[in-house]
Amino acid sequence: MPASDSGAAKFVATPWTVVLAAVRGDSIQARGALEKLCSAYWYPLYAFVRREGHSPHDAEDLTQGFFACLIEKRYLDAVNPAKGKFRAFLLAALKHFISDERDRAQAQKRGGGHVFVSFDTQSAEAKYGLEAAHHETPERIFERNWAMALLERVMAALRDEYAADSKTKLFDELKTALTAESGSVPYAEIAVKLDSTEGAVKMAAHRLRHRYRQLLRAEIAHTVASADEIEAEIRHLFAVWSK
C-alpha cells in the first residue's frame, strides 16, 4: 500500500463536501457535484444490484431509479455530515431504495423513464461477467468494485498527465513500479528500452510513485467529509483490494 505524503495538505472543497454543505438546501452546484460523483462510481452500485439477483434490465432500471431519487434530493436528508463517507452513504441509501422498490416493476414508477446518470450497460455487463463467481457478500463485492473504480480513475489521471508531457512510453514502462515488490522492478532493462540510465529510471519511478500518492489522496478526498478520514479510507480500500 502506498505510504502517505508527509504533512497534512489543506483540505479544500470537494464534490462530496459541497453536497454535504448543501444538505436540505437547493444548490445547483451541489446537484452538479453529486452527478459528477455518481457518474464516476456508478458501476459498483450496478454490480451490487446484479449480485442481489436482479437481471441486467432490472439492475439498470433500479440503478437509474436510485439516481433519480438521490439527485432529486429525496434521500439527502438521511446524510449525516459527521459520518459522511460517500461510499458508505451510497450503499446504505441504495439498500433502502431497493427495499422500498421491491413491489414496483416499471421504470415509470422509479425514475420516470429519465436517465439521471449516463452509463453503458453493455460494457458493465461485460465487466460484470469477468468477476469471479464466488460466495462473498454483495456488500464485500461492492467495496472491492469501489476500490477498483477509484484506483482506475487515479491511474487514468496519472497516465493523462504523462501523455500531456509526451511521456506515455515512460509511464507504460514504469507503471508496474507502483504495485511491484521492492527490488523486483527491472530498472536496468527499462533503461535500455528508454535509452536512458538506470539511475534516471529509478528517479523517474520515484517521481511517479510520489505523484500517484498525491492523486490517490486527492481522489479519496472527493469522497470523504474531512482530511482526517483520508488515511483510514486508504487503508480500508487497499485492505479490501488485497483480499
Q) Can you tell me which of PHE171, PHE142 is modelled with pLDDT of 70 or more, assigned to a helix (DSSP H, G or I) and closer than 16 Å to VAL49 by Cα? A) PHE142
Q) Residues VAL154, VAL185: which one is part of a loop (DSSP other than H, G, I, E, B) and touching a Leu at 6+ places or on another chain (Cβ under 9 Å)? A) VAL185
Q | Residue list for region 208-218, filter: surrounded by fewer than 19 Cβ atoms within 10 Å (Cβ to Cβ) and either over 15 Å from THR176 (Cα atoms) or aromatic (Phe, Trp, Tyr) (or both) | A | GLN214, LEU215, ALA218
Q: Scan region 157-166 residue by residue and report those that are in a loop (DSSP other than H, G, I, E, B) and either crowded, with 16+ Cβ neighbours inside 10 Å or hydroxyl-bearing (Ser, Thr, Tyr) (or both).
A: SER166
(Q) Checking ALA133 against (1) at pLDDT 95 or above; (2) not in a helix (DSSP H, G or I): exactly one of these is not met. Which one? (A) (1)
Q: Return the residue satisfying two criteria in turn: it lies in region 197-243 and is assigned to a loop (DSSP other than H, G, I, E, B) and of a type in the set (A, V, I, L, M, F, W, C), and of such residues it is farthest from LYS85 (Cα to Cα).
A: ALA225
Q: Could you give me the residue pairs with C-beta distances under 7 Å whose first residue belongs to region 191-217 and is acidic (Asp, Glu), whose second residue is surrounded by fewer than 17 Cβ atoms within 10 Å (Cβ to Cβ) wherever it lies, and which are 6+ apart or on separate chains?
A: GLU198/ALA188
Q. Inside region 1-82, counting only helices (runs of 4 or more DSSP H) that do not spill past its ends, which hold 2 or more residues that are within 28 Å of ARG213 (Cβ to Cβ) and modelled with pLDDT of 85 or more?
A. 15-21, 28-40, 42-51
Q: For residues that are in contact with a helix residue (DSSP H, G or I) (Cβ under 6 Å, 6 or more places away or on another chain) and surrounded by 15 or more Cβ atoms within 10 Å (Cβ to Cβ), scanning just region 181-203, find the one that is modelled with the lowest pLDDT.
A: VAL185
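The values are calculated or read from the model by the stated rules, or taken from the named source; none is laboratory data. In this text the structure is predicted, and so the values were computed from the model without any measurement. We place every Cβ from the backbone using ideal geometry, glycine too, and count neighbours over all the protein chains shown.
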